Structure formats: C-alpha cells, structure tokens
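Asker: I'd like to ask you about the structure that follows.
The values are calculated or read from the model by the stated rules, or taken from the named source; none is laboratory data. From a predicted model like this one, the values you see are computed outputs, not experimental measurements. Using ideal geometry, Cβ is built from the backbone for each residue, glycine included, and neighbour counts are taken over all protein chains shown.
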There are 2 protein chains.
Amino acid sequence: MTKEPAAPADSRDSSLSLAEGIAARLRDQVTGGTLVPGQRLSEARLAAELEISRNTLREVFRLLTREGILRHEPNRGVFVAVPSMASILDIYRVRRLIEVPALAQAWPGHAAVTRMHNAVEQAKELQKIPDWRGVGSANMEFHAAIVALTDSPRLIQFFTQIIAELRLAFGLLDSPELLHQPYIPRNAEILGKLERGDPAAAARMLDDYLNQSERAVLEAFARLG
Amino acid sequence: MTKEPAAPADSRDSSLSLAEGIAARLRDQVTGGTLVPGQRLSEARLAAELEISRNTLREVFRLLTREGILRHEPNRGVFVAVPSMASILDIYRVRRLIEVPALAQAWPGHAAVTRMHNAVEQAKELQKIPDWRGVGSANMEFHAAIVALTDSPRLIQFFTQIIAELRLAFGLLDSPELLHQPYIPRNAEILGKLERGDPAAAARMLDDYLNQSERAVLEAFARLG
DNA sequence: CGAAAAAAATTGTTCAACAATATCGCATGG
DNA sequence: CCATGCGATATTGTTGAACAATTTTTTTCG
C-alpha cells in the first residue's frame, strides 16, 4: 500500500509528541464512551488500527495508565479502568481535602479566578444548547481552576488526574443533566462569594457542593447495579 | 561504598518487571548521589551500560519521570531532576495539606500505626550505627505510614511521589544528621500522642514538625548557593 | 465429563534501521 | 578577533521484525 496521507483526520500539532497526540485521542474515546470500562485493548490490533507501532502504543498506554483511565495487568494486557464505588468515594475525599482549603485561602485577585469566571459562563451557554457533556467539562474546568488558586504545580497535576478519573465514572452514568445542571448556579454563587472577598464562605459552600454532588453520583452509580 | 551495579548477573527478580527493577537501581543511584542533579542521561550510553535495550530504558525513564526524579525535554533527552527552592516549598506545602489532616482524623487502632511504630524503632537502631541515610529512609516511612492512615489509594500513591522527590533534594544536602537526627524523638512523641487517643494533639505536633523541618531543609539548601 | 498436554495467541524485550531534531565544529566574512 | 551561517555529527523519536516468556485456548486422553 502506498504512503497513507500524512495529514490524519485531525492534525495534531507537532508540539505534541506522537504518543501524546494518540493518548489524547484515546482519552476522548474513553470519556466519550467509545471504549467501555473493562474492555481489553489488544496491542497488535490497536496499533494497526491507529497506524502506529506497538512500541509507541505501549508508551501511550503508560501515559494513560498514569492518568488512571487505563489499567495494566502484567503479562495479561491493558484494560479500560472500571470505576468502582470505592474509587468514587476516594476521589471525592481527595477533592474535599484539596479544593476546600484551596478556596479558603484564595486571594480574590488571583488569575485563576478569571478561569473560574469563564468556566461558569461557558457552562451557562452550553446549558442552553443543551450540551451536557460540555457542561460537565466546564464544571471540571471550574474546579481545576479552584485548585490552580494554590499555585502548587504538584497539586494541580495531581488534581488533573483525579478529574480524568471522575470523568471516566461520569461516562458510565446516564441522565447527565441531573448530574451537572443543578450545580451551575452553585458554582456562580461560590465564585460570587470569593470575588466579594469572603473565601471562607465560598469554601463552606464548596464543601456542601461536594457532599451533595458525591451523593448524587453515588446514587446514579448504584442505579446501574 | 561503591555500589557496584556491575553484578546484575542473576538479579532476575521475577516479581518485578525488568524495567521496574532497573528503575529501582537508577532510583538508588540518584538518591545515593551517583547520578547528580542536572546530569544528562544518554539513552545509548546508559542502555549499553545497564545491558538493556533502548526501548526498555525509555520505559524506565518514563517510570522515573512520573516519580519526579527525572525530567524529560522533548528531542533533547532525559536529565536528573534539579530540586529547586520552589519545589521544596511546594513539597512541604503538599505535605502539610495531606499529612496533618490524615493524622488528625486517624483511628489509633489502624494498621498503619504499626508501620509508624516500626519506622520509629528502626530509626533509633540505625541512629546507633550510625546510618543517616537509613535514618532518613525510616523517617520517610514514618510519614508514608501517616498518609496510609487515610486508606486513600490516591493519596498514598501521590505521597509516594512527593517523598521520592524530597529524597532527591536531601541527596543534595550535606550533614544529613542535622536533617534527620532531631526528628527521631519527635516522631516518637507524635506516635505516642496518637496511641494515647489524642490525634488532634499529634496533628498539631506534626504541623510544628513540618514547619521546622522545612526551615532546616531550606537553610541547608541555601548554604549550597 | 474432567484433567492434563499441546497449540495458539498475547505480552515482554531486544535489535537494527531510518527520520526528525538538536548540537557542535568550522569556514567565511565583517 | 569575533560573530554568524552552514554543513557534519550526534541524539532522540518512531518503526518493524524477531524471539522469549507467559497466558489463553484447543485438543487429547483417562
């Protein structure tokens, strides 16, 4: 066969390494539901399908395994991670531990406040379409921005992984509007408190938010059996 | 004193993957000072030296990069990470955020308390030899055990990385006895408070400990110029 | 029908090669 | 003499094939 067209379906910028670009594609397929949790990813088959070598695919696997959305079993292969109730509990515990103090000690003039603002606006817009997956993404961005308030590279990176895992769990659940819609005004309220110079109150509201959201997610998860 | 990696003749630890085994060896070389921060690690040269293929070495690099003790620059290579004052500040901030609440809400009968106990005992023993690097390891184990009190897989794994990075910074510093020795009785005291059912007091002491330790590390770091 | 043995498939690791990118040395010109 | 551009060199990025080690499937025999 002749050389395949050098321009793939969506031209990934060369700033990303090939493995990173493929990883982004696979990540979308996982959070988008094309690849279902528990599914096995055969190296040979996937490498051929993605038109990359097995070695490069293995690098992709390592990237995504580190993010927690794939799981690697020695000599057995790589699988799409299966969110469990335990993992959701753990994720929300970590979120509370990190997000609440981050917000409580925030300076209202921090650059990340703008990110929070934009995330709220975008969620409102996407709600109208409605694009609930987009709303979910904007919501995640809002909380990532909260963690960015800390200016801690390690916390920010860690939280990015946590968010990726949570998205995987969300992908399993139905009725996303019930999961995301009620929280748009809440986020706006939290942001308002912070901008008016009362981060303590904002942090209290965030704690409530997280508890309520956790309950909703666990209920939706339990409905799946 | 020269840790000879020269005799890998039969280090076929079937439990560990080849890459993981090599990674452990490299990790020791980094924390042990054989490989100095900032040093470039040539793929071809190191692969030959370790008697593994470049592909496997690249996997090792990815493992250690994830742990934060190596740094990867695209198309330029892999380097031993260089601890900065900023990274030390960030690490201690994360430590306070995670360790103090972990201890505060601990149940004195938790299995990890035994780990804390053993770590304290081992530190006392190694102090007599004296083996200050060993004391440092025991100290790290003590704090890893504190995080284990949370039963949170994600926090535990995250903290493992943080600890690895901190060890890298310690490797740069001289006079390890000044860095570790004063904290042996402190750890014992913290453990005592916890075992006597006063986790709140233990947490307060831990917070003091971390602030003081941070100051000592930063001072030692500043002395290096 | 069940269990052991053989066969097939998959992952783990290595090797050799080439392309893409960065680094170095050197000649040239001001 | 020094700066600069350019080609030569070295290094990383990626590929494909090969073989060993391990798991999974199939076959065979009791």
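Asker: How many of the residues in the range B:35-58 are among the charged types (D, E, K, R), farther than 15 Å from B:Glu73 by Cα and outside any loop (DSSP other than H, G, I, E, B)?
Answerer: First, the residues of the range B:35-58 that are among the charged types (D, E, K, R): B:40, B:43, B:45, B:49, B:51, B:54, B:58.
If we keep only those that are farther than 15 Å from B:Glu73 by Cα as well, we get B:45, B:49, B:51, B:54.
Okay, now just the ones that are also outside any loop (DSSP other than H, G, I, E, B), so B:45, B:49, B:54.
Number of matching residues: 3.
Asker: Here's another thing I want to ask about it. So, in the range B:161-187, exactly how many residues are part of a helix (DSSP H, G or I) and either farther than 18 Å from B:Val100 by Cβ or without any contact (Cβ under 8 Å) to a residue 24 or more places away in the chain (or both)? Explain how you work it out, then say what you get.
Answerer: From the range B:161-187, those part of a helix (DSSP H, G or I) are B:161-172, B:176-180, B:183-187; that's our starting set.
Filter once more, so that each one left must be either farther than 18 Å from B:Val100 by Cβ or without any contact (Cβ under 8 Å) to a residue 24 or more places away in the chain (or both): B:161, B:163-165, B:167-172, B:176-180, B:184-186.
The number of residues fulfilling the criteria is 18.
Here is a yes/no grid of residues against (1) buried (at least 20 other Cβ atoms within 10 Å of the Cβ); (2) away from chain A (no Cβ under 14 Å):
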site	(1), (2)
B:Gln127	no, yes
B:Pro130	no, yes
B:Ala138	yes, yes
B:Glu141	no, yes
B:Ala145	yes, yes
B:Leu149	yes, no
B:Leu155	yes, no
B:Thr160	no, no
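Asker: Right, here's the next one. Just the residues that are closer than 12 Å to B:Leu26 by Cα and more than 11 Å from DNA strand D (Cβ to nearest atom), please, taken from the range B:50-64.
Answerer: B:Leu50, B:Val60, B:Leu63, B:Leu64
Asker: Within 16 Å of DNA strand C (Cβ to nearest atom) and in contact (Cβ under 8 Å) with a residue 40 or more places away in the chain - does that describe any residue in the range B:131-139? Break it down stepwise before answering.
Answerer: Pass one, the range B:131-139, residues within 16 Å of DNA strand C (Cβ to nearest atom): none.
No, the range B:131-139 contains no residue that is within 16 Å of DNA strand C (Cβ to nearest atom) and in contact (Cβ under 8 Å) with a residue 40 or more places away in the chain.
Asker: Moving on. Please indicate, with yes or no, whether at least one residue in the range A:132-145 is within 23 Å of B:Thr150 (Cα to Cα), assigned by TED's automatic domain parsing to the domain that holds A:Asp208 and among the β-branched types (Val, Ile, Thr).
Answerer: So far as the range A:132-145 goes, no, none of its residues is within 23 Å of B:Thr150 (Cα to Cα), assigned by TED's automatic domain parsing to the domain that holds A:Asp208 and among the β-branched types (Val, Ile, Thr).
Asker: If I go through the range A:68-82 residue by residue, how many of them are small (Gly, Ala, Ser) and in a strand (DSSP E or B)? Steps first, please.
Answerer: Our first condition is that a residue be small (Gly, Ala, Ser); within the range A:68-82, this holds for A:68, A:77, A:81.
Right, trim to in a strand (DSSP E or B) and you get A:77.
Going through the range A:68-82 one residue at a time, the tally reaches 1.
Asker: Confirm whether B:Leu63 is closer than 26 Å to A:Val147 by Cβ, out of contact with any strand residue (DSSP E or B) (no Cβ under 8 Å at 6 or more places or on another chain) and modelled with pLDDT of 95 or more.
Answerer: Details: closer than 26 Å to A:Val147 by Cβ: yes; out of contact with any strand residue (DSSP E or B) (no Cβ under 8 Å at 6 or more places or on another chain): yes; modelled with pLDDT of 95 or more: no.
Answer is no for this residue.
Asker: Give the residues of the range A:188-225 that are touching a residue at least 12 places away in the same chain (Cβ under 8 Å) and small (Gly, Ala, Ser), sorted by residue number.
Answerer: A:Ala188, A:Gly197, A:Ala200, A:Ala202, A:Ala203, A:Ser213, A:Ala216, A:Ala220, A:Ala222 - these are the residues of the range A:188-225 that are touching a residue at least 12 places away in the same chain (Cβ under 8 Å) and small (Gly, Ala, Ser).
Asker: Also, quick follow-up: Just checking, does the range B:171-187 include any residue being in contact with a helix residue (DSSP H, G or I) (Cβ under 9 Å, 6 or more places away or on another chain), within 14 Å of chain A (Cβ to nearest Cβ) and among the polar types (S, T, N, Q)?
Answerer: no
Asker: Looking at the structure I just gave you, is B:Leu89 within 12 Å of chain A (Cβ to nearest Cβ) and within 13 Å of DNA strand C (Cβ to nearest atom)? Don't jump to the end; show me each part of the working.
Answerer: Values: within 12 Å of chain A (Cβ to nearest Cβ): yes; within 13 Å of DNA strand C (Cβ to nearest atom): no.
Spelling it out, it is not the case that B:Leu89 is within 12 Å of chain A (Cβ to nearest Cβ) and within 13 Å of DNA strand C (Cβ to nearest atom).
Asker: Ok, one more. I'd like the residue in the range A:37-61 that is crowded, with 19+ Cβ neighbours inside 10 Å and within 20 Å of the chain's Cα centre (by Cα) and, out of all such residues, is nearest to DNA strand C (Cβ to nearest atom).
Answerer: A:Phe61
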